[in-house]
Amino acid sequence: MSKKTPEPTVSPRERAFLVGVEIFGQAHLLTLEDSLAELTLLADTAGLEVIGELTQKVDRPNAETFIGSGKVEELKALAEETLAQVVIFDNELSPRHQRELQEHLGNSVRVLDRTALILDIFAQHAHTSDGQLQVKLAQYEYYLPRLTGQWTHLARQAGGGGGRSGSVGGVGLRGPGETQLEVDRRSVRHEIAHLKDELEKVRAHRMRYRAQRKRSRIPTVALVGYTNAGKSTLLNRLAKSDVYVADQLFATLDPTTRRVELPGGDQALFTDTVGFIQKLPTTLVAAFRATLEEISEADLLLHMVDISHPNAMNQAEAVQQTLDEIGASHVPIVTVLNKIDRLSNPEAARRTLEHFPQAVAISALTGTGIDDLLEHIRTGLYETFTPILVRLPYQQGQLISLFHDLGQVERMEHGRKGVLMQGRIPGRLVGQFKPWQLKAGEKEKEQEDDPMAE
């Protein structure tokens, strides 16, 4: 009798206990309950099993343990009762908070915060060398101020993997002393400097690539939105491509660009970018500067909103805040209310359109509303003109030609400082002219000072 082949075993997921704290007077886009629900999804994406949660409302965080001493004891008891292996705070913990909580809860439980969890997800999902560089930089900058005996594995990685005697807790009779920690800190700082140099090369390469695209006169469209809003699904439908899609947070991190044909035969390059989220760690925003510049340098943004989500409006606001933070608020936007196929009453999505300028309701999955969206994109790229007044240096001959070729010149004056041009240009080009844009008062003053002005 043949033996039955045993089923492959699956490692059990680590058990995570969540902690949410509402601080009086602090404004948040989501309620405490909704934010914890989102943290649960993040934990699931990271491969953890959520087995409980604890909440507290405080006037201000406890100086030592963030939550009150009584809550710490309650948390410790719950963690022991549920056999939790990880405790995750929905707030960002200071290095001191993390150390004190770790000491109170014991070494059998790891203490993480929302930022560390998101960094872990990014590390799992970054597949290109550029993405991995950016995530690694964010991780090192996050962990540097938290570097103690328990984090020395990061320093060993920074130094090329060579182990040091006595540098790992549990090896030897004592943990590393201050001298050893300082060596580790220097190693991490050295790695941070190296990663920043490498990312500057990435940034320079992307700047050259964008300049090349601009010379081709093919406009660029960046897809932005809250994580899991459907950006990759839309790009696949528009470009008939196969960008990875999954119903989870931060399924794709690395930007992907595809060429799309618009109505009338015009073309545009569409770039799928990293999804946003409320409380997006500042270390990630800084590390992903090279990627996020794809957004601020785009000619048009498609702001994807999951209209079926109960917190759709709050998510849209979180995205707008991030766009402001990365300097992309000047780029024209078409708002895309996605996933109307999930609504029992699609008219609800259409009524929401009035809250957004230039909005379209679609289903990227079924194709509903795609033709209307493409027409909005074509109009935004080729037919929407913006009044502008600029003084262009003579060295900017390419921009002067661009104004003549694609804009409507109403007035042109040559002066000592350059060419003053007034007229209307496609809204997608405003960002290129922004460094030389003038206000009416500035024009008059410069004319008075410029004897060559006509």
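Miscellaneous remarks
- Residues of the stretch 20-41 satisfying the condition of being surrounded by 14 or more Cβ atoms within 10 Å (Cβ to Cβ), of a type in the set (Gly, Ala, Ser) and under 19 Å from GLN321 (Cα atoms): SER35
- Residue that is modelled with the highest pLDDT [pool: residues in the stretch 172-219 that are in a loop (DSSP other than H, G, I, E, B) and loosely packed, with under 12 Cβ neighbours inside 10 Å]: ARG217
- For the stretch 295-324, taking the residues that are among the acidic types (Asp, Glu) and touching a Ser or Thr at 6+ places or on another chain (Cβ under 9 Å), the one that is modelled with the lowest pLDDT is identified as GLU297.
- Given (1) modelled with pLDDT of 90 or more; (2) out of contact with any helix residue (DSSP H, G or I) (no Cβ under 7 Å at 6 or more places or on another chain); (3) more than 15 Å from LEU302 (Cα to Cα), index of the condition GLU354 fails: (1)
- Top-ranked residue of the stretch 327-356 - restricted to ones that are in contact with a strand residue (DSSP E or B) (Cβ under 8 Å, 6 or more places away or on another chain) and part of a helix (DSSP H, G or I), ranked as nearest to GLY427 (Cα to Cα): LEU353
- Of the strands (runs of 3 or more DSSP E) contained entirely in the stretch 357-454, those carrying at least 3 residues that are modelled with pLDDT of 90 or more and surrounded by fewer than 18 Cβ atoms within 10 Å (Cβ to Cβ) fall at 408-415.
- Of all residues making up the stretch 279-326, the number that are touching a residue at least 60 places away in the same chain (Cβ under 8 Å), farther than 26 Å from THR379 by Cα, part of a helix (DSSP H, G or I) and among the aliphatic types (A, V, I, L, M): 5
- Test result for SER344, hydroxyl-bearing (Ser, Thr, Tyr) and either touching a helix residue (DSSP H, G or I) at 6+ places or on another chain (Cβ under 7 Å) or surrounded by 14 or more Cβ atoms within 10 Å (Cβ to Cβ) (or both): no
The values are calculated or read from the model by the stated rules, or taken from the named source; none is laboratory data. Everything numeric here is computed off the predicted structure, so don't read it as measured data. Note that we place each Cβ from the backbone using ideal geometry, even for glycine, and neighbour counts take in every protein chain shown.
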